[in-house]
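**Student:** This is the structure I want to talk about, given as structure tokens.
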Amino acid sequence: MFAVMPTLARSVCPFDCPDACGLLVEVEGGRALAVRGDPEHPYSRGTLCPKMNGYDRTVHAPDRIAHPLVRTGPKGAGAFRRATWDEAIRIVTDRWKAIAAESGGEAILPYSYAGSMGLVQRNAGMAFFHRLGATRLERTICTPAQAAGWSAVMGATPGPSPDVVRESDLVVLWGINAVATNLHFVARVKEARRNGARVILVDTYANDTAAIADEVVLVRPGADAALALGVVHVLAREGLADERFLAAEAIGWPELRARALAGYAPADVSARTGVPAETIETLARALGRARAPFIRIGGGPSRYGNGAMTIRSIVALAAVLGVHDRRGGGCLASTSSSAAFDLSPLTREDLLSRPTRAVSMNQLGRALNELSDPPIRAMYVWCSNPAAVAPDQNAVLRGLAREDLFLVVHERFMTDTARLADVVLPATTSLEHADLYRSYGHYAVQRVRPAIPPVAEALPNWDVFRRLAAAMGFDEPLFRMSTDEVIELLLARTAPRWLGEADRARVASGEPVVLAPPPGPRWGTPSGRIELLNAAQPEPLPGYLPAHADAGTLPLRLVTAPALYTLNSSFQERPELREKAGGMILKLAPAEAARRGLADGQAVVAWNELGEATFVLRILDGVPPGVAVAEGVFWLTHAPGARNVNALTSQRLTDQARGSTFYDNRVDVRSA
Ligand SMILES: Nc1nc2c(c(=O)[nH]1)N[C@H]1C(S)=C(S)[C@@H](COP(=O)(O)OP(=O)(O)OC[C@H]3O[C@@H](n4cnc5c(=O)[nH]c(N)nc54)[C@H](O)[C@@H]3O)O[C@H]1N2
Ligand SMILES: Nc1nc2c(c(=O)[nH]1)N[C@H]1C(S)=C(S)[C@@H](COP(=O)(O)OP(=O)(O)OC[C@H]3O[C@@H](n4cnc5c(=O)[nH]c(N)nc54)[C@H](O)[C@@H]3O)O[C@H]1N2
Ligand code: SF4
Ligand SMILES: [Mo]
């Protein structure tokens with residue numbers, strides 16, 4: 001007998017998280033024994049969050065879906081029989097052929113998001129569904145309004161490296177619970193803090209990140225544009241704007257200045273935002289006098305009916321402070337590494353024979369229940385769990401449960417969506433397939449090879465679409481390429497401007513490599529300057545627009561933010577993480593609880609016109625009156641009333657880019 005030594009494989013965390021950490025996987029006998037941080041990763045440097053420590057327990061979880069399944073009982077009852085891959089592919093493609101012949105390809109809806117952020121697996125179905133002529137999906141559930149708000153001011157200007165913040169002397173975390181959602185940025189903020197920087201959190205409640213902040217500014221949900229312009233008002237009034245920077249690099253400062261001075265006096269802004277006038281003044285003075293302010297903008301403020309305008313106003317404030325010219329200063333909403341990759345050879349929009357209709361993934365309920373000509377008759381889900389994560393859950397569940405909807409779900413686990421399927425296909429985890437990773441929180445890219453063979457009969461997304469294409473008779477060469485060949489294709493097409501020759505060799509070998517944004521004009525706007533005034537926008541200047549919930553009548557604004565121990569609906573396969581997450585909790589201010597006669601720890605129901613959901617109540621000083629907070633998107637199978645917080649969120653969209661408005665809803669709360 002001789003001992004088998006574990007080998008180490010390099011990988012990347014595949015989840016929808018700005019950190020995209022480097023992993024080292026200890027492998028023995030085709031199994032992952034342990035997963036830890038890669039100390040050589042330039043951004044994450046060897047540490048992982050509590051979710052990914054223990055990823056091997058997700059990969060080898062006893063309840064992984066092991067083989068294809070075909071429904072045998074009523075929809076949603078969970079009765080399935082085992083099928084072979086050949087049989088499952090035949091069932092699916094026979095049905096699609098019949099539906100396409102009768103109703104056209106648009107009767108078929110693909111639905112996917114970010115189960116894996118790898119460029120190949122995430123986009124694996126695009127070419128296939130274009131070729132099929134299916135309804136197109138607007139993949140807008142996350143932060144398209146944040147991107148729209150940034151580009152209204154900055155155009156295609158790349159976001160800065162997150163490393164910059166280490167040299168800042170005043171960090172503002174604006175609508176981001178970074179301790180939960182951007183942990184390795186927090187490490188850099190702490191470094192700045194050790195060097196004397198102050199940290200201010202601007203949020204709707206004192207979230208976990210309040211613990212690393214010197215000051216917390218609580219703003220009424222959806223009112224941040226007014227706060228940002230109130231700060232601009234004080235900067236303008238007190239001569240604290242960076243006039244030299246604005247004169248050289250921006251257009252529209254006189255107009256923005258006039259608007260802020262006329263309409264955003266601290267007293268008025270206070271009434272609108274709930275932030276005391278004095279706090280607005282001191283915040284403005286702190287920012288105006290700092291050497292190098294750094295503003296990190298989270299997704300929170302963008303998930304409102306006024307989200308794009310809100311982000312635009314904060315980005316404009318950063319320019320008024322001249323942060324872009326200060327060493328250690330900056331404004332980061334998202335990095336711009338996606339600009340480096342040309343995905344068109346993978347997504348193949350050219351395969352669409354005619355422009356097909358598009359459906360917002362935020363309006364799935366409407367699409368499934370209301371679309372006609374043709375109605376959606378079949379749906380294929382991969383890398384997403386819409387039964388749990390999509391807004392207006394009751395409408396979504398009604399649609400997914402339709403007897404006449406043919407639902408196919410490619411999944412790692414029996415999620416709420418998979419349970420409703422007619423055919424379930426087993427998916428690999430990221431340790432079992434190859435991919436190419438980039439990040440929206442830093443600039444490292446990395447090519448990853450499988451660390452272990454597929455568990456049981458699981459297949460990667462790309463391989464499933466190859467099989468589906470073969471069975472449909474699609475003969476484009478792309479559908480015969482291996483994942484590695486697709487990665488080669490993407491790397492060959494990736495703007496060589498972002499990766500030098502030596503870097504390409506390092507990428508090929510699986511090392512993490514930091515992209516360098518190519519030289520070019522400093523500002524990626526049409527005018528070549530920062531556009532405080534943008535005549536191409538429906539509103540030429542930043543300003544406060546009402547949020548959807550401003551018009552509502554129920555007493556509490558509901559903030560449904562991400563949770564520490566889960567990632568959207570992922571990681572709930574792990575009992576130890578579920579336990580740490582502590583179930584569905586609703587946080588309320590003491591005054592709101594007292595008014596309703598509610599006690600800490602009791603079961604409560606939050607309700608509105610869309611539905612209701614059951615929570616355990618936590619009474620906390622850090623939540624202001626008028627606000628209810630529910631962190632996390634729980635599996636319905638673990639939810640007390642079989643509904644999670646998305647039973648309370650609406651299908652309404654953002655002001656621009658048709659994004660989600662998860663935080664822009666009202667509720668009331670009663671004892672359960
Ligand atoms: N642990 C964990 N990590 C995650 C995720 C997760 O679910 N869990 N999700 C991942 C995904 S998909 C994404 S997109 C990112 C999410 O990243 P972000 O969207 O940046 O999410 P958070 O960091 O929680 O930021 C939301 C914060 O915004 C606050 N907020 C809400 N409304 C407002 C407002 O009107 N004004 C202000 N100032 N603040 C507001 C909330 O209270 C909350 O603290 O994180 C990713 N990482
Ligand atoms: N109320 C409320 N709702 C929200 C949010 C919120 O803050 N509040 N956040 C929203 C945001 S920002 C986002 S981005 C969305 C995210 O929504 P989703 O992208 O749907 O995210 P997850 O819930 O993590 O579901 C991903 C699923 O993909 C599966 N998966 C993982 N890897 C693979 C793979 O390689 N192949 C296949 N086929 N499947 C795989 C996982 O098992 C998991 O079930 O949720 C949104 N929903
Ligand atoms: S979820 Fe985010 S912080 Fe955690 S390991 Fe993955 S990339 Fe890193
Ligand atoms: Mo997201």
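**Student:** HN-Hα J couplings of segment 601-609 from phi, Karplus 6.51/-1.76/1.60, θ = phi - 60°, integer Hz, Gly and Pro as x?
**Tutor:** x, 7, 7, 10, 10, 9, 9, 7, 5
**Student:** Which cross-chain or sequence-distant (5 or more) residues have an amide H under 5 Å from the amide H of Leu558, H modelled 1.01 Å from N in plane?
**Tutor:** Ala628, Asn665, Arg666, Val667
**Student:** If the cut-off is 27 Å between C-alpha atoms, which lysines fall inside it for Lys51, apart from same-chain ones fewer than 8 positions away?
**Tutor:** Partners within reach: Lys190, Lys580, Lys587.
**Student:** Quick one: which residues, 5+ away or cross-chain, put their amide H under 5 Å from the amide H of His41? H built at 1.01 Å from N.
**Tutor:** Amide H neighbours of His41: Gly46.
**Student:** Given the rule -39500 (n - 2.57) for each run of at least 4 DSSP H residues, summed and divided by the residues of the chain, what is its mean residue ellipticity at 222 nm, to the nearest 500 deg cm²/dmol?
**Tutor:** Values: 23 runs with 201 residues, N = 672.
Helices in the chain give a 222 nm mean residue ellipticity of -8500 deg cm²/dmol.
**Student:** List the trypsin sites (Lys or Arg not before Pro) within segment 296-370 that fall in a DSSP loop (any state other than H, G, I, E or B) and whose Cβ has at most 15 other Cβ atoms within 10 Å.
**Tutor:** Arg327, Arg357
**Student:** Indicate, rounded to the nearest 5 percent, the antiparallel portion of the DSSP beta bridges found entirely in the chain.
**Tutor:** On the way: 39 of 84 bridges.
Rounded to the nearest five, the antiparallel share is 45 percent.
**Student:** Here is a further query. Using amide H atoms built in the peptide plane, which far-off residues or other-chain residues are under 5 Å from Arg136 H to H?
**Tutor:** Amide H to amide H, under 5 Å and 5 or more residues apart or across chains, Arg136 pairs with Arg357, Ala358, Val359.
**Student:** Once the piece of chain linking Glu255 and Arg670 is laid out straight, how much longer is it, given 0.36 nm per residue of separation minus the C-alpha distance between them?
**Tutor:** 144.6 nm
**Student:** Next question. For segment 111-125, take each phi angle, set θ = phi - 60°, evaluate the Karplus expression 6.51 cos²θ - 1.76 cosθ + 1.60, and give the result in whole Hz per residue in order, putting x for glycine and proline.
**Tutor:** 3J(HN,Hα) across segment 111-125, in whole Hz: 9, 8, 9, 10, x, 10, 8, x, 4, 6, 5, 5, 9, 4, x.
**Student:** Could you please report the charge total around Glu485, scoring K, R as +1 and D, E as -1 over all other residues with beta-carbon less than 15 angstrom from its beta-carbon?
**Tutor:** Numbers: positive: Arg348, Arg447, Arg449, Arg466, Arg480, Arg493; negative: Asp435, Asp463, Glu476, Asp484, Glu488.
Net charge around Glu485: +1.
**Student:** Still on this structure, I have one more. With a cut-off of at most 13 other beta carbons within 10 Å, and DSSP calling the residue loop, which GluC sites (Glu not before Pro) in segment 588-626 qualify? Please list them.
**Tutor:** Working: sites: Glu592, Glu609, Glu612; in loops: Glu609.
Answer in residue order: Glu609.
**Student:** May I pose another question? Report ³J(HN,Hα) in whole Hz for each residue of segment 619-625, in order, from the Karplus equation J = 6.51 cos²θ - 1.76 cosθ + 1.60 where θ = phi - 60°; Gly and Pro get x.
**Tutor:** Working through the residues one at a time gives 9, 9, 5, x, 9, x, x Hz.
Every number here is computed from the coordinates shown, using simple stated rules; none is lab data. These figures come from a predicted structure and were not determined experimentally. Using ideal geometry, Cβ is built from the backbone for each residue, glycine included, and neighbour counts are taken over all protein chains shown.
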